[in-house]
Amino acid sequence: MGFHRFRRGHESQKITGIMNGPIKKNHFIWLTLALIGLMFTSAFSNELSANLTIEIVEYISVALLFLSLLSLRGSPLWSRVFVVIIGVLLIVVILRDTMTVRYSEFAYLGLLLVFYISAAWTVGRQVLLTGEVDLNIVVGSVALYLLIGLTWSIFYIILLQFSPGALAGIGSGPWDDNMTLTTYFSFVTLTTLGYGDITPVSPIARTLVILEAITGMFYLAVIVASLVGAIKAKKYG
C-alpha cells in the first residue's frame with residue numbers, strides 16, 4: 001500500500017514537472033502559434049461560404065484565445081480577468097448565433113480588443129522587464145509584435161463599422177469579410193512598408209495610421225535595445 005502511494009505521488013510529481021517544465025518554459029511559443037492560428041483562420045474563412053464565415057471565425061477565435069490564456073503567465077488577478085473576458089466573449093458568440101442579438105458584433109470586437117490590449121500589456125512586462133534572454137523571450141517579442149498588429153486591426157475594423165469609407169481599398173461590408181484586409185493593412189503599416197493598395201482617407205484613419213507607424217518604429221528600437229542590453233548584462237554580469 002505504501003508502494004502504491006509512493007508510485008502515485010511520483011507520477012503526480014512527474015506530471016507537475018512536465019506542466020511546469022517544457023510547457024511553462026516555452027509558454028510564449030504556444031501564444032505565438034495561437035496568434036498565427038487566428039490570422040490563418042480569418043484568411044481561410046474568406047474562402048468559405050458567407051453563412052459559415054462568421055461562425056468559423058468566432059468559435060475558432062475563442063478556442064485559440066483559450067489556448068493563448070494557457071500561455072499567458074501573470075498574476076492571479078490578470079488570469080481571472082482573461083478568463084472573464086474569454087467567457088463573456090463565448091457568451092456573446094452563442095447569443096449572436098442563437099438569438100441574433102443586436103449590436104453583438106460590437107460587443108465581440110470590443111471584448112477582443114480588450115483581450116489583445118491586456119495580453120500585450122502582460123507579455124510586454126515579461127519580455128521587456130525580465131532582464132533575461134532565451135528562445136522563449138525572443139519568441140515572446142514576436143508574440144508582442146503580433147498582438148500590437150492585431151490590436152490595430154480591431155481599431156480599423158471598428159472604425160469601418162462607423163465610417164465605411166475611412167480606408168480606401170476596403171469596401172463596406174460585414175466586419176468578418178474585412179478582417180483579413182484590416183489585418184494585412186495593420187501589419188503593412190506597423191512595418192512601415194506602405195504598399196499603397198489600401199490608404200487612409202478620413203482624419204481618424206490617418207491619425208490611427210500615424211500612431212501605428214510610430215509604434216512600430218519605436219517598438220523595434222526598444223526591443224532591440226532591451227535584448228542587446230540583457231545579453232550584455234548576462235555576458236559581463
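A few comments on the model shown:
- Computed label-point distance, nm, for sites residue 214 and residue 36 using a 7 Å Cα→Cβ extension: 3.2
- Multiplying the residue separation of residue 94 and residue 162 by 0.36 nm and subtracting their alpha-carbon distance yields 22.1 nm.
- Simple label model, 7 Å out from Cα along Cβ direction - residue 106 to residue 172, nm: 1.7
- Counting neighbouring beta carbons within 10 Å and listing from fewest to most, the residues 152, 121, 175 come out as 121, 175, 152.
- Ranked for footprinting exposure by Cβ neighbours inside 10 Å, fewest first, 135, 65, 90, 31 give 135, 90, 65, 31.
- Convex hull (Cα only) mean projected area of region 186-234, reported in nm² to one decimal: 3.6
Bear in mind that the values in this text are calculations on the coordinates, not laboratory data. For clarity, every value in this text was computed on a predicted model and none was experimentally measured. As a convention, Cβ positions derive from the backbone with ideal geometry for all residues, glycine included, and neighbour counts pool all protein chains shown.
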